[in-house]
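Here's the structure we're looking at; comments come further down.
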Amino acid sequence: FTAALLDEAGIGVFDHDLQSNTITLSPALASILGIAVRSFASGDAECVLPRGDHSWFLPQKKGGDAAPPARSSATEHMFQNSLGQWRWIAVHTHVERGQFGGLPAPAHVWGIVRDVTQRHLREERQRFLLKLADALRDVGQPGIYLSTACRMLCDQLGADRVIYTDIEGDDFRTRENCQRGEGKFPSSGRVADFGAAFLELYWRGEVIAIDD
């Protein structure tokens, strides 16, 4: 029941059996990571798991201790999913001790995993807005104000261009343009030229991303 409830809540669970060297993932965790495999040898982790930091399923050791006591830890890690998107996960783990070859040794690493990408994006956005506000605080001229904002936004997004336009009725007029790619954005034109699909999203106030 507990496992089903965690899956329903989108919280992933894993079990790393250190004696059989097998890692087992819950359906929710496989979904978070964007992989179809749910059980694999720990030696195959680099091939099975998405690109990124894989230390979250390993027992944490201190110094030369061969068998650390059972302990819990909370960490956050980045990985790149199959779509090439970088994601953040929060991992809470517990190392359970057992016997191996007649000696005390870590036996299992249990853990729960949550996708905290949206929280990191919100924090990153807030840091950028504070940085932007600091940069614009002493700017007195509107032209410099806009060019600074466009340049910083271009850097933050890793974009080829950031354009600031005024829309008046059915027409638009470009007031500032930070451009690093090829091709020139028109200085003015008809709003209808952007296309019906673009305008529908625009009038709803949604963020629009276009790869060109």
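Counting only strands (runs of 3 or more DSSP E) that sit wholly inside the range 136-202, those with at least 1 residues that are without any contact (Cβ under 8 Å) to a residue 12 or more places away in the chain and open to solvent by 80 Å² or more (accessible area, probe 1.4 Å) are 161-168.
Identify the residue in the range 82-132 that is part of a helix (DSSP H, G or I) and within 27 Å of CYS47 (Cα to Cα) and, among all such residues, is most open to solvent (accessible area, probe 1.4 Å). Looking at the filtered set, the residue picked out is GLN118. For the range 1-39, residues that are within 21 Å of VAL95 (Cβ to Cβ), open to solvent by 70 Å² or more (accessible area, probe 1.4 Å) and touching a helix residue (DSSP H, G or I) at 6+ places or on another chain (Cβ under 6 Å) total 1.
Tell me whether the range 118-133 contains one or more residues that are free of Cβ contacts under 8 Å to residues at least 12 places away in the same chain and on the phi > 0 side of the Ramachandran plot. No: the range 118-133 contains no residue that is free of Cβ contacts under 8 Å to residues at least 12 places away in the same chain and on the phi > 0 side of the Ramachandran plot.
If you scan the range 112-132, which residues turn out to be in contact with a Leu (Cβ under 9 Å, 6 or more places away or on another chain) and under 14 Å from GLU76 (Cα atoms)? Residues satisfying the conditions are ILE112, VAL113. Just one residue in the set ALA67, ALA74 is small (Gly, Ala, Ser), at pLDDT below 80 and either farther than 17 Å from ALA30 by Cα or surrounded by 12 or more Cβ atoms within 10 Å (Cβ to Cβ) (or both); that residue is ALA67.
The values are calculated or read from the model by the stated rules, or taken from the named source; none is laboratory data. Given the structure is predicted, the values throughout are model-derived calculations rather than measurements. Because the Cβ atoms are built from the backbone with ideal geometry, glycine has one as well, and the counts that use them run over all protein chains shown. Accessible surface areas use protein heavy atoms only, side chains included; no ligands, DNA or RNA. Shrake-Rupley method; radii C 1.70, N 1.55, O 1.52, S 1.80 Å.
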